[in-house]
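First the structure, in the form of structure tokens, and then the observations on it.
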Amino acid sequence: MRALLSSLLISTTGLALIPSPADTPIRGFSPQSLQIERDLETRFKALPDPGHMREAMRRLSARPHHVGSPYDKENAEWILDQFKSYGWDAHIENFDVLFPTPVERIVELVAPTTFKATLQESAISVDPTSSQQAEQLPSYNAYSIDGDVTGPLVFVNYGVPADYDELEQRGISVKGAIVIAKYGGSWRGIKPKVAAEHGAIGCLIYSDPRDDGFAGGDVFPNGPMRPAQGVQRGSVADMPTYPGDPLTPGVGATKSAKRLSVAEAPTITKIPVLPISYGDAQPLLAALGGPLAPNAWRGGLPVTYRLGAGPARVHLKVKSDWSLKTLYDVIAKIPGTTEADQWVIRGNHHDAWVNGAQDPISGLVAELEEARALGALYKQGWRPKRTIIYAAWDGEEPGLLGSTEWVEAHADELKAHAVAYLNSDTNSRGYLGIEGSHSLEKFINGVSMDVEDPESGVSSWKRLQASRILNGSADVRRDARDRDDLRIGALGSGSDYSSFLDHLGVASLNLGYGGEDDGGIYHSIYDDFYWFMHFSDSSFVYGKALAQAGGISVLRLANADLLPFGFTNLSETIQTYVKDLQSLRDRRAEQIADRNRQIEEGLYRFTNDPRDPVTAPKPQQPAPQLNFAPLLNAVDSLSHSASRYESAYARAVSSGRIANARSVNERLIQAERALTSAEGLKNRPWYVHMLYAPGFYTGYGVKTIPGVREAIEQGQWPDADREIARAAAAVEREASLVSGIASTLNAGQ
């Protein structure tokens with residue numbers, strides 16, 4: 001296979017060109033259908049227009065459009081009109097969700113000196129929309145509980161569990177204190193969660209300039225990085241427990257839905273939280289006493305980074321309006337023909353924290369161009385086999401509200417009919433990023449080979465391969481050179497795919513270009529049309545490339561004779577996860593044994609610096625052996641079934657004799673569902689996928705085989721073998737289903 005790919009990808013100059021001869025296979029298409037699909041895709045790829053995307057971004061980002069704002073509703077109605085003009089059957093679906101907005105915010109240093117934080121991003125004269133202060137959401141963290149607290153300040157680095165272990169060794173407690181944490185290291189909602197678990201009474205989060213400010217380049221407006229008064233807004237709801245409306249877990253937030261009270265909602269923080277700029281953080285950090293912060297904790301501000309507690313004391317007050325707000329999900333449809341009851345779903349959100357040119361409009365305008373192009377093909381007579389649904393979600397920024405409520409409201413229909421969900425969010429210049437269900441890995445590799453990278457002139461696949469060979473680890477380089485398909489990442493959370501994949505088991509992909517436009521305007525007032533046109537994909541050529549990648553993916557899923565799922569890559573990927581879990585257990589065992597021995601030998605006491613004292617950590621329970629045999633056996637079963645299916649698939653497609661395609665496709669839709677468990681994950685049953693979930697203490701970051709991985713990481717050894725058995729059962733269900741599909745395909749030959 002590699003030799004064939006190389007012959008297709010390498011030109012006489014040695015550069016990879018995009019292969020698109022009519023006889024180049026497309027996964028899921030018989031020889032009789034291939035030419036029709038190739039011709040259709042050629043017509044489609046010519047239609048997305050960067051000029052349309054530029055003007056759509058200018059219009060959609062012209063004013064702040066957060067949930068509940070007038071321009072959010074106007075944008076939804078404008079998007080609805082666009083879909084209708086493209087020839088789609090479209091409507092707006094409303095949900096009523098809890099979305100708190102700030103009424104009062106105070107951060108002030110009250111000892112040993114006084115300072116009151118401005119909590120205001122400055123308008124910049126050259127940036128016209130930065131001055132729209134009357135419409136801008138103030139800088140705050142949504143779903144922070146109200147509170148009025150005063151206490152000593154403690155610097156906790158990124159505020160993840162390991163940072164509190166470091167503080168404990170130094171004899172520093174955050175009980176009764178307000179913590180100040182840097183953005184980064186985890187999703188922001190983890191920081192107040194962990195702080196509260198350790199007894200803190202409040203939390204401040206700031207963007208350190210070493211991470212996304214002047215250390216990375218010139219600050220806005222002279223460059224793309226975060227200026228001194230720039231602030232990252234964002235939700236701090238405990239989304240690893242469940243996303244969506246905090247008051248209606250598991251059901252759509254319709255007007256008649258039964259709601260929890262705010263006090264009952266488990267995803268709302270236990271302590272008040274506010275984000276601040278590094279300009280406001282500097283006087284607070286400068287007032288800290290106590291030990292020097294470890295070298296790795298120190299940021300880019302011209303202060304001596306110390307830990308506290310005190311003598312700095314801070315007053316923090318947060319008060320919000322806790323009313324319900326209306327969401328406006330725009331849902332558009334092109335009906336299918338022969339397999340209309342199978343749905344291919346595509347989405348990108350339309351709401352923003354402020355003007356949101358990059359996040360999310362850069363992705364949304366590509367989706368709209370896809371829809372316009374597909375509508376043009378529809379008007380010319382093309383009809384998809386399967387129904388295509390495009391969504392412009394509202395309320396993604398506060399917590400995946402619009403997509404989650406829609407999925408929960410339509411859960412039974414989606415379980416029966418959803419083929420796959422294709423997501424995008426932000427888009428910029430660089431490399432095609434692909435994450436998702438590994439049953440779609442072969443499929444999306446094929447798509448990326450047929451989309452040109454606009455800067456290099458080679459395929460997006462080849463440019464990504466080149467980057468991995470040049471910049472990756474030894475394992476990444478080897479995979480990129482030798483493996484037939486480039487690996488795709490696993491999905492955790494952080495965008496609208498979460499409810500489809502994590503809650504229902506709908507196979508999902510997330511696409512977007514990036515890597516060359518590092519900036520520091522995320523979730524600030526400076527994420528606007530001016531910034532995007534100066535520092536990002538100003539020609540919208542990568543917007544066009546995303547539209548082509550998204551649209552071709554939708555076309556192939558909608559038109560395929562056999563749905564293009566594959567399971568050999570899935571089984572191989574699960575095998576790598578299991579090997580990693582075995583190595584993780586062994587590393588943890590070695591670390592625990594080594595640390596316990598160091599404690600027993602008194603090494604911490606002998607090396608302690610009395611001027612910077614560090615106490616020994618507490619001994620830990622030795623790591624027991626774990627029985628991975630059920631999971632290893634299940635992966636072997638899936639590997640065998642996947643190979644059988646691939647052989648049956650290849651014979652069926654190459655011969656064009658797929659008499660039972662409809663029944664096979666109906667069962668293929670259920671393949672991702674087989675990897676779920678109705679019981680869900682421990683302490684968070686909303687998440688039912690046994691292979692992928694956001695980490696309980698990382699947030700966005702994925703944990704693969706999460707039940708097992710987190711039991712090992714957190715030293716919850718009695719849970720580990722139980723979770724191994726649960727994961728193994730899911731993989732065995734997958735193996736059984738895939739084997740049955742292979743038998744059905746073989747019977748149809």
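Beta-bridge orientation, the chain: approximately 60 percent antiparallel, per DSSP, counting only bridges with both partners inside. For the charge dipole of the stretch 586-650, defined by +1 on Lys and Arg C-beta atoms and -1 on Asp and Glu C-beta atoms about the Cα centroid, which residue among Asn627, Pro613, Leu638 has the Cα displaced farthest towards the positive pole? So the residue furthest toward the plus end is Pro613. Here the Kirkwood formula, the inverse mean of 1/r across different C-alpha pairs, assigns the stretch 120-174 a hydrodynamic radius of 15.2 Å. Once the 1.4 Å probe is applied to the protein heavy atoms, the chain comes out at 36 Å² accessible per residue.
In whole percents, the pair-distance distribution calculated for the stretch 301-382 from its alpha-carbon pairs, binned every 10 Å from zero, is 12, 25, 20, 17, 12, 8, 6, 0.
Amide H contacts of Ala200 (H built 1.01 Å from N, in plane; Pro and chain starts excluded): Gly176 sit under 5 Å, all sequence-distant by 5 or more or on other chains. Residue ranking by accessible heavy-atom surface, 1.4 Å probe, largest first, among Glu452, Glu572, Glu370 comes out as Glu452, Glu572, Glu370. Between the helical axis of 31-45 and the longest alpha-carbon principal axis of the chain there is an angle of about 50 degrees.
In this structure, the pairs whose alpha-carbon distance is over 22 Å, taken from Lys73/Lys317; Lys255/Lys325; Lys255/Lys319; Lys175/Lys270, are Lys73/Lys317; Lys255/Lys319. In a simple Cβ point-charge model (Lys, Arg +1; Asp, Glu -1; nothing else charged), the stretch 295-363 has a dipole of about 720 debye relative to its Cα centre. Going by accessible surface with a 1.4 Å probe and the largest first, Arg43, Arg644 read Arg43, Arg644. Considering every alpha-carbon pair of the stretch 293-444, the percent of pairs per 5 Å bin, from zero through the bin containing the longest distance, is 2, 7, 12, 15, 15, 13, 9, 7, 6, 5, 4, 3, 2, 1, 0. Find which of Phe532, Phe214, Trp353 sits farthest along the positive direction of the dipole of the chain, computed with +1 on the beta-carbon of Lys and Arg, -1 on that of Asp and Glu, about the Cα centre. The listed residue farthest towards the positive side: Phe214. For the stretch 471-623, the normalised intensity computed at q = 0.10, 0.18, 0.21 Å⁻¹ comes to -0.73, -1.25, -1.42 (log10 of I(q)/I(0), Debye sum over alpha carbons, equal scatterers, no solvent).
Between the Cα long axis of helix 460-471 and the first principal axis of the chain there is an angle of about 40°, rounded to the nearest 10. With respect to the chain, whose longest principal axis is taken over its alpha-carbon atoms, helix 541-559 is tilted by about 50°.
The value obtained for the stretch 69-206, namely the Cα convex hull volume divided by the number of residues, is 184 Å³ per residue. Under the combined filter of DSSP loop state and at most 16 neighbouring Cβ atoms within 10 Å, the stretch 664-749 retains these GluC sites (Glu not before Pro): Glu679.
Here Lys442 sits with roughly 50 square angstrom of accessible surface, probe radius 1.4 Å. Using only side-chain charges placed at the Cβ, +1 for Lys and Arg and -1 for Asp and Glu, the dipole size of the chain relative to its Cα centre rounds to 860 debye.
Reducing the stretch 503-545 and the stretch 46-107 to their Cα centroids gives an inter-centroid distance of 16 Å.
The values are calculated or read from the model by the stated rules, or taken from the named source; none is laboratory data. These numbers come from a predicted model, not from an experiment. Neighbour counts are summed over all protein chains in view; Cβ atoms, including those assigned to glycine, are modelled from backbone coordinates with ideal geometry. Note: areas computed on protein heavy atoms with side chains; ligands, DNA, RNA excluded. Shrake-Rupley method; radii C 1.70, N 1.55, O 1.52, S 1.80 Å.
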